[in-house]
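Q: Please read through the structure below; I'll follow up with questions.
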Amino acid sequence: MALDPEIFDALVDTVRRFVAERLRPLEDQVAETDEVPAEIVREMREMGLFGLSIPEEYGGLGLTMSEEIRLAFEFGRTTPAFRSTFGTNVGIGSQGLVMAGNEEQKRRWLPKIASGEIVTSFALTEPGAGSDSASVQTRAVPDGDVYRLSGTKRFITNADKASLFTVMARTGEPGAKGVSAFLVPADLPGVSIGKPEKKMGQQGAHVCDVNFDEAPVPAANRLGEEGEGFRIAMRVLDRGRLHIAAVCVGISERLIADAVAYATERKQFGKPLADFQLIQAMIADSKTDTMAAKALVLETAALRDQGKAITLEAAAAKYFASESVGRVADRAVQIFGGAGYIADYGIERLYRDVRLFRIYEGTSQIQQLVIARETIRQGG
């Protein structure tokens, strides 16, 4: 159920000020140290940001999808690492539990996830299973009242901070029908975390390998029935893709604002860059890309809030928004010229940051396949 409009508008205003006054001044520091300051994480917990999507009965804010994406727009106006700090709790790390968990599981875990006491992570990708997510090789073998979990997950966001993983593991036949989902505490024997990877961008948001060596996962921690894991993962990703699309829109709006400010102030040939029509063309293309992406995100969120399936629409939103923010970032560098290539201005950092959006939670090519498959199925 949606929040009272006045309360929600106040929350948006609070987040907007938090982004502008607390987060943006720390962007360079986070990029240099590869860490989000502890006091910022504490403030995020106090604001309830770790529980945006957790139902109110379990201690969260219980935002609708339309409300959540409006906050994602705001967090897109700063370094993506800040949103990533609580992003797995809001999205892929918690939503399997929200969607498929039983009441006992929800009451045990969700209040601590909502408060930020527990940081969650979603472990699907493996060294040999990325886009082909139905081919996971991590195995969960029944052994009395536990499953023995063995295998390696790769590029897992927030793995080094997580105390609870949603893990996809094979319990049966090859293919999607043999995959099950488990809630795996990070402190179980046999669970170990690799070092954070060095990345092109998004410093401060860590990804690591997660290794399982006969980890004894209680059977009570399985989400749903055996063989339902892939279906749960796809439902989680539908929602996560829409959230990422909203973040892309926010970053596009930030890039346009920065580019317009620079083009207005910077002079060449005796007049502002903004007076030149070829600069205006780049601004116009960027604005149109961003408005189209935003409209698609808003429409898809409204459909989800109506209880409708959004597999096609979420894939289209993520595909278009992640591709368009890449175009906007490229044009912003061009408008800034040499300054856009220099770290002091921050534009080159955002240029690198946004490249990841076309890869994680399903590459652009996977989104194209999903869009085509669903379009053909609906028209069949």
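Q: Give the carbon-plus-sulfur fraction of the accessible surface of region 217-344 in %, rounded to a whole number; probe 1.4 Å, heavy atoms of protein chains only.
A: Ligands and nucleic acids excluded, carbon and sulfur reach 55 percent.
Q: Here's another thing I want to ask about it. Post the alpha-carbon centroid distance, region 307-328 to region 1-57, in whole angstrom.
A: About 24 Å separates the Cα centre of region 307-328 from the one of region 1-57.
Q: Using Cα atoms only, what is the angle between the long axis of helix 5-18 and the major principal axis of the chain, expressed in degrees (0 to 90) to the nearest 10?
A: Relative to the chain, helix 5-18 is tipped by roughly 70 degrees.
Q: Tell me, in nm to one decimal, what length is gained between M291 and A309 on full extension, where the rule is 0.36 nm per residue of separation less the Cα-Cα distance?
A: Contour length minus Cα-Cα distance gives 4.1 nm.
Q: So, one more: In Å², and per residue, what accessible area does the chain have when probed at 1.4 Å with the other protein chains present?
A: Each residue of the chain exposes 44 Å² on average to a 1.4 Å probe.
Q: Shifting gears a bit: Classify region 124-243: rounded, prolate or oblate, from the alpha-carbon gyration tensor (a ≥ b ≥ c, eigenvalue square roots; a/c under 1.5 rounded; otherwise prolate if a/b is larger than b/c)?
A: Here region 124-243 falls in the oblate category.
Q: Sum up the lysine pairs in the chain that clear both bars: alpha-carbon distance under 26 Å and a spacing of 8 or more or different chains.
A: 26
Q: What trypsin sites (Lys or Arg not before Pro) does region 125-202 have in DSSP loop regions with at most 14 other beta carbons within 10 Å?
A: K198
Q: Return the long-range amide H neighbours of R266 (sequence gap of 5 or more, or a different chain), with a cut-off of under 5 Å between placed amide H atoms.
A: L273
Q: If you plug each phi of region 144-154 into the Karplus form 6.51 cos²θ - 1.76 cosθ + 1.60 with θ = phi - 60°, what whole-Hz ³J(HN,Hα) values come out, in order, with x for Gly and Pro?
A: With coefficients 6.51, -1.76 and 1.60, one gets x, 9, 10, 10, 8, 9, 9, x, 10, 10, 10 Hz.
Q: For region 271-380, state which trypsin sites (Lys or Arg not before Pro) are in a DSSP loop and have at most 11 other beta carbons lying within 10 Å of their beta carbon.
A: Passing sites in region 271-380 are K308.
Q: Moving to a separate point now. Take the alpha carbon gyration tensor of region 241-306, find the square roots of its eigenvalues, order them as a ≥ b ≥ c, and report rounded if a/c is under 1.5; if not, report prolate when a/b exceeds b/c, else oblate.
A: Since a/c reaches 1.5 and a/b is larger than b/c, the shape of region 241-306 is classed as prolate.
Q: Just to confirm the number: angle between the C-alpha axis of helix 229-265 and the first principal axis of the chain, 0 to 90 degrees, nearest 10?
A: Between the helix axis and the principal axis of the chain, the angle is about 20 degrees.
Q: Loop sites only, by DSSP: take the GluC sites (Glu not before Pro) in the chain that have at most 15 other C-beta atoms within 10 Å and name the longest stretch containing none of them.
A: With a cap of 15 other Cβ atoms within 10 Å, the longest stretch comes to 226-380.
Q: Shifting gears a bit: Over region 139-200, what percent of the accessible surface lies on carbon and sulfur atoms, probe 1.4 Å?
A: Of all accessible area on region 139-200, carbon and sulfur atoms account for 55 percent.
Q: Answer with a single label: of [x] 21.0, 79; [y] 20.7, 58; [z] 19.5, 63, which was calculated as Rg and Dmax of the Cα atoms in Å from the structure in view?
A: Correct label is [x].
Q: Pull out a ≥ b ≥ c, the square roots of the eigenvalues of the alpha-carbon gyration tensor of region 1-93, then state rounded if a/c is under 1.5, prolate if not and a/b is larger than b/c, and oblate in the remaining case.
A: Prolate shape, in that a/c is at least 1.5 and a/b is the bigger ratio.
Q: Here's another thing I want to ask about it. With θ taken as phi - 60° and the coefficients 6.51, -1.76 and 1.60, list the Karplus ³J(HN,Hα) couplings across region 304-311 in order, rounded to whole Hz; mark glycine and proline as x.
A: Karplus values, whole Hz, x for Gly and Pro: 5, 5, 7, x, 8, 5, 10, 4.
The values are calculated or read from the model by the stated rules, or taken from the named source; none is laboratory data. The model shown is predicted, which means the values in this text are computed figures rather than measured ones. Cβ coordinates were reconstructed from backbone atoms using ideal geometry, including for glycine residues, and neighbour counts include every protein chain displayed. These accessible areas exclude ligands, DNA and RNA; they are computed on the full protein's heavy atoms, side chains included. Shrake-Rupley method; radii C 1.70, N 1.55, O 1.52, S 1.80 Å.
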